[in-house]
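Report on the structure given below.
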Amino acid sequence: MADLAEVLRRHTALEPADVEWLHLLVGEWQLLADLSFADLLLWVPTADRQGFVAAAQIRPVTSQTAYVEDKVGEVIQEGRRPLVDRAWHEGRIVREGDPEWGSGIPVREEAFPVRHDGRVIAVIARHTNLAAARTPSRLELTYLAAAADLATMISEGRFPFPGSPAESDSSPRAGDGLIRLDAEGRVVYASPNAVSAFRRLGLTGDLVGVHLGETTARLAPPEGLVEEPIAWLVSGLAGRDAEVEVEAHGAVVRLRSIPLLPGGQRLGALVLLRDVTELRRRERALLSKDAMIREIHHRVKNNLQTVAALLRLQARRLVAGEARAALDEAV
């Protein structure tokens, strides 16, 4: 499968800054796919502006995929995907249209523009497998509402945030734990995994209704001087994507706060969190073993140097040539 950089180089005429923005977007869009319970396809206009190329594709972890086949590199002429055409030309989110059928599966398609520096540079098509649809729970409704906010921000060029923390193996994802905050930083909804993580940090009361930043800072006060207050970052008040790690009562929780700013208005924040206690315990155990191995190596090296010095001293005292040669060889 061709990667994003290769597809863009072969089929498009995007400016380097736009290419970098799409790389940043694709690095973040697993979250959007999971919150949407939908597949995402990134359509970029071809160099001749007569069609679009599928530059990237992502499937949701939270639901069944709508497309089994890989579509990256597929080129379509304008008119083949009416919703994609409309999102591109009108610069707005398009949700109209009847479900289409693919491989016997009803699929609902939506399309929204990707804006950068005030210009539409691509379109994301969101495909939802309706065969997997059911009456949504409170968790799923919260996911979908957050997905709608992120889609609006992408269409306005407000997401992803430049300088977002690079995703690592310990970065939290939607399924690890999710909290929705209002504009004041208070918890509107917390998933069961999120509640469990805060219980491990020492929370005894209800999480819904509390100010998340203040509660986090109280449960796990930072040691020493910090560049930015934890309460400020966790609440999404920093106005940018932020990731912090807190520790209390032997538990370690990693939190990522994403401000929700559709229309430029602060609606609150989406906080993803993950209990990384066991992961950090293993890392510390490895560091301890590494330090022990280094210490053993250091002591063995010192002992060998001592033995070598004694052998050289003994060799200087020997008269017999063969014995001296043997000791010199040993050193």
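The values are calculated or read from the model by the stated rules, or taken from the named source; none is laboratory data. Here the structure is a predicted model, which means the values were calculated and not measured. When we count neighbours, we look across all protein chains shown, and the Cβ atoms used for this are built from the backbone with ideal geometry, even at glycine.
Summary of values
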quantity: Single unsatisfied condition, Leu181 versus (1) closer than 19 Å to Gly263 by Cβ; (2) without any contact (Cβ under 8 Å) to a residue 60 or more places away in the chain; (3) surrounded by 19 or more Cβ atoms within 10 Å (Cβ to Cβ); calculated: (2)
quantity: Per-region count, segment 82-109, residues outside any loop (DSSP other than H, G, I, E, B) and in contact with a Pro (Cβ under 7 Å, 6 or more places away or on another chain); calculated: 5
quantity: Residue among Ala308, Ala285, Ala315 that alone is more than 30 Å from Val252 (Cβ to Cβ) and at pLDDT below 70; calculated: Ala315
quantity: Qualifying residue in segment 221-230 (condition: in contact with a Ser or Thr (Cβ under 9 Å, 6 or more places away or on another chain) and on the phi < 0 side of the Ramachandran plot); calculated: yes
quantity: Test for Arg9: is it in the same structural domain as His116 (by TED's automatic domain parsing), of a type in the set (Lys, Arg) and at pLDDT below 95; calculated: no
quantity: Filter result (buried (at least 18 other Cβ atoms within 10 Å of the Cβ) and either touching a residue at least 40 places away in the same chain (Cβ under 8 Å) or hydroxyl-bearing (Ser, Thr, Tyr) (or both)) within segment 88-109; calculated: Trp88, Ile93, Val107
quantity: Among the residues listed as Ala55, Ala2, Ala38, Ala47, the single one being in contact with a Gly (Cβ under 6 Å, 6 or more places away or on another chain) and small (Gly, Ala, Ser); calculated: Ala2
quantity: Positions within segment 1-42 being closer than 27 Å to Ala132 by Cα and under 15 Å from the mean Cα position of the chain (by Cα), in sequence order; calculated: Leu25, Val26, Gly27, Glu28, Trp29, Gln30, Leu31, Leu32, Ala33, Asp34, Leu35
quantity: Count of segment 223-266 residues which are surrounded by 14 or more Cβ atoms within 10 Å (Cβ to Cβ) and without any contact (Cβ under 8 Å) to a residue 12 or more places away in the chain; calculated: 0
